[in-house]
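Take a look at the structure below.
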Amino acid sequence: MSKKRSGLSELQAAFRSCNGGFFMTGTFSLIINLLMLSGPLYMMLVYDRVLTSQSTSTLVYLSLLIAGLFVIMGLLSAVRSKILIRIGSRINLRLSERVFEAQIKKSAARNNKGQDGVRDLQTLREFLSGTGPSTLFDAPWTPVYIAVVFLLDPLLGWIATGGAVLLLLLALINEFMTRGNLAKATHALAESNEIVADSRNNAEVLASMHMLPGLYRQWQKLQHRALRLQNKASDRSASLTSMTKTIRLMLQSAILGAGAYLAISGVISPGAMIAASLIMGRGLAPVEQAIGSWRHFIAARGAHRRIRQLLEDVPAEEPRTLLPAPSGRLSVEKLFAGIPGKEGNSLILSNISFSLNAGEVLAVIGPSASGKSTLARLLVGAWPPHHGHVRLDSADLWQWDREQLGQYIGYLPQDVELLNGTVKENIARFSEEIDDSAVVAAAMNAGAHEMILGLPEGYNTTIGAGGRLLSGGQRQRIGLARALYGDPALVVMDEPNASLDAVGEEALSEAIKHMKTRGQTVVVVAHRPSAVKQADKVLVLDRGRVSAFGPKSEVFAALSERNAGDGKAATSTNAITGPGAGLSTGPRIVVQQRKAS
């Protein structure tokens, strides 16, 4: 099944699950629209029977009958509205998990700027729960009402038909004149919302460096553009809506005038004249209502299209066979990768191959923009490779059940992202059932237990959105505890000591040492030497390719020899492996090594 078909079929399945509700809505609409004819019929009988016969009893019985019919019609209208509300809720519930997951996965791929699938789903639900669907169900009855007018008199029928055609043309003009502006306005609003979200995430930087005025001007420019486009579309729609209402009133007057002429001529009765006016007004009402709510219809249609595109871009995962718990053996085979969804662009990693036994520690070093963080994302399955394989115990990561795989992988990204909640919830990865002993064990293994106890409420301390109530070092250590929760077989850490002080670095080194003791496989992306002390092997990346790989001592010795062969001072060469050394010389030596070869 193609991606396009997959995304479409998921939406179709959600709507098909509500077929019963739609059928009942259509049935009630049929009955309601038939009952709508009772009003004009009542008027005809009053004018043509009651007034001529002067029968009070006939008037009473007719009035009681019409009152009962109107009560039934009101009840059915209320039930129809409730059914549509339930339909909107059901579709929302059926799709919410898929849309939420697809949105997060697409966000991880960094290529969904401006799109909010959850908000689009809410827009679709609000439309389905509103008056829009009722108008759509009533619209097919317009020809029926016009046919009834034809039965009263052909001249009146042709007047009603001309009015319906004219209002339909106005609806099409409304669509043509507002669609483009509303789409552009929606895009501009999405971009302005993205600026607000980025501003919240970087509030301290913006305030401290006085960046708010410039950013506000950017946001205001987008807001003004969206407002201008919305106003233009609304102005056109309002003009067409007023024109529609005016034409409908003129048509009703034209029907009355023509009916009066026919009544004077003795062709129809006065009651038929009044009935024709009422029936035509009811028949044209859905068209008028559709034009008035066109903006909501356009928004719902756009939301439907974007949700379908989102589900196409991130198709649902097929059920996977549950595999045995891995030992932690890791192998990377001829890996080529770049930003997901952009295969045509230049690759970030090319032909990467290496392997680790369970319990080994790998240090990944190299210059900036050499692909280290990209490799970390691939090793945990956050990004899919363009070609090649990442295998955990011989099974490709994409062969694992994703929920099962999450239990066996720990990941500490370069930018630690904590969620609004308690320390305990974050460490436990917001599991449905939190094991307190496992939470404390993970914190102790990360060297964060004492630090957490020093917080106002310990493990129950609320840390705010993004962990904003914590320092950078505290976030990093809690992020490490989260990575170690449940003793995963593979732990990948990207710059784990970037925000740590001396105490934190020592705790990190001890944590890696304990992970080796427990047989966990560890991959550490690092620039600073404290994270490399416990490494068994070193992988040197340069420009997205493997420059060197092997046991730590052999790799550093080879680099030192190459460095010495290039005429560098011995102190500079030895600085790589020394305990207090910075790895900043490493990238320079790697480049020189490549030149020398």
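Each reported figure results from applying straightforward, stated rules to the coordinates on display, with no laboratory input. Remember, it's a predicted structure, so these values are computed and weren't measured experimentally. Cβ atoms come from the backbone with ideal geometry, glycine included; neighbour counts cover every protein chain shown.
A few remarks follow.
- Net charge of Cβ neighbours under 12 Å - reference ARG228; Lys, Arg +1; Asp, Glu -1: +3
- Diffusion coefficient (Stokes-Einstein, Kirkwood radius over C-alpha pairs, 10 °C, 1.306 mPa s) for the range 16-160: 84 µm²/s, rounded to a whole number.
- Fewest-first ordering of ILE195, ILE298 by other beta carbons within 10 Å of each residue's beta carbon gives ILE195, ILE298.
- Entries of LYS106/LYS516; LYS106/LYS424; LYS372/LYS513; LYS106/LYS221; LYS424/LYS513 with Cα pairs more than 32 Å apart: LYS106/LYS516
- Magnitude of the charge dipole, the chain, Cβ model with Lys/Arg +1 and Asp/Glu -1, debye to 20: 1520 debye
- Annotation: aspartates and glutamates with alpha-carbon distance below 15 angstrom to LYS334 (same-chain offsets under eight excluded): ASP396.
- When the charge dipole of the chain is built from unit charges on Cβ atoms (+1 for Lys and Arg, -1 for Asp and Glu) and taken about the Cα centre, the candidate among ALA258, THR246, THR135 whose Cα reaches farthest toward its positive end is ALA258.
- In summary, the aspartates and glutamates within cross-link reach of LYS232, defined as a Cα separation below 19 angstrom excluding same-chain residues under 8 places away, comprise GLU175.
- Share of alpha-carbon pairs per 20 Å distance bin for the chain, given as whole %: 16, 36, 24, 15, 8, 1, 0
- Each of VAL144 and PHE15 was given a label point 7 Å from its Cα along the Cα-to-Cβ line. The distance between the two points is 2.2 nm.
- Within the range 1-96, the proportion of C-alpha pairs whose separation exceeds 17 Å stands at 64%.
- Volume of the convex hull of the range 408-508 (Cα atoms only), normalised per residue: 84 Å³.
- Efficiency of FRET from Cβ geometry, SER239 and ALA67, R₀ 41 Å, rounded to 0.05: 0.55
- Highest-first arrangement of 180-193, 265-278, 163-176, where packing means the average Cβ count within 10 Å: 265-278, 180-193, 163-176
- Remark: relative contact order (the chain) = 14 percent; criterion is Cα-Cα distance under 8 angstrom and separation of 6 or more residues.
- Extending 7 Å from the Cα toward the beta-carbon at both VAL60 and MET211 defines two label points whose distance is 8.2 nm.
- Sites ARG543 and MET177 - FRET efficiency at Förster radius 41 Å, r taken between beta-carbons, to 0.05: 0.20
- With respect to the chain, whose longest principal axis is taken over its alpha-carbon atoms, helix 270-292 is tilted by about 10°.
- Only Lys, Arg, Asp and Glu carry charge here, each on its Cβ (+1 for the first two, -1 for the last two); on that basis the range 398-557 has a dipole of about 540 debye about its Cα centre.
- Pairwise FRET efficiency - LEU93 versus SER53, Cβ, R0 = 35 Å, nearest 0.05: 0.05
- Evaluating kT/(6 pi eta Rh) at 20 °C and 1.002 mPa s, with the Kirkwood radius of the range 5-313 over Cα pairs in the Stokes-Einstein relation, gives 94 µm² s⁻¹.
- Bins of 5 Å from zero: percent of alpha-carbon pairs in the range 152-287: 2, 10, 14, 12, 9, 8, 7, 7, 6, 6, 5, 4, 4, 3, 2, 1, 0, 0
- Protection-proxy order for peptides 448-457, 65-74, each taking the mean of Cβ atoms within 10 Å per residue, highest first: 448-457, 65-74
- Loop-located chymotrypsin sites (Phe, Trp or Tyr not before Pro) in the range 361-431 (DSSP state other than H, G, I, E, B) with a sparse environment of at most 16 neighbouring Cβ atoms within 10 Å: PHE430.
- Farthest toward positive dipole pole in the range 330-564 [+1 Lys/Arg, -1 Asp/Glu at C-beta], among LEU480, ALA382, THR422: ALA382
- The slack between SER38 and GLU417, meaning 0.36 nm per residue of separation minus the straight C-alpha distance, is 130.1 nm.
- Packing order of peptides 284-295, 372-383, highest average first: 372-383, 284-295 (average count of other Cβ atoms within 10 Å over each peptide's residues).
- Hydrodynamic radius by Kirkwood, which averages 1/r over all alpha carbon pairs of the range 330-564, in angstrom: 18.2 Å
- Environment charge at GLU101 (Cβ cut-off 13 Å; Lys +1, Arg +1, Asp -1, Glu -1): -1
- In this simple spin-label model, placing a label point 7 Å from the Cα along the Cα-to-Cβ direction at both GLU101 and ILE85 gives a separation of 3.1 nm.
- Positive minus negative residues near GLN414 (Lys, Arg vs Asp, Glu; Cβ under 11 Å): -2
- Stokes-Einstein translational diffusion, the range 269-368 - Kirkwood Rh over all Cα pairs, 1.002 mPa s, 20 °C, in µm²/s: 101 µm²/s
- 18 Å cut-off, amide nitrogen to a point 7 angstrom out along THR461 Cα→Cβ, residues in the range 430-445: 439-445
- Selected from ALA558, LEU453, MET493, residue furthest toward positive end of dipole (the range 330-564; charges at beta carbon): ALA558
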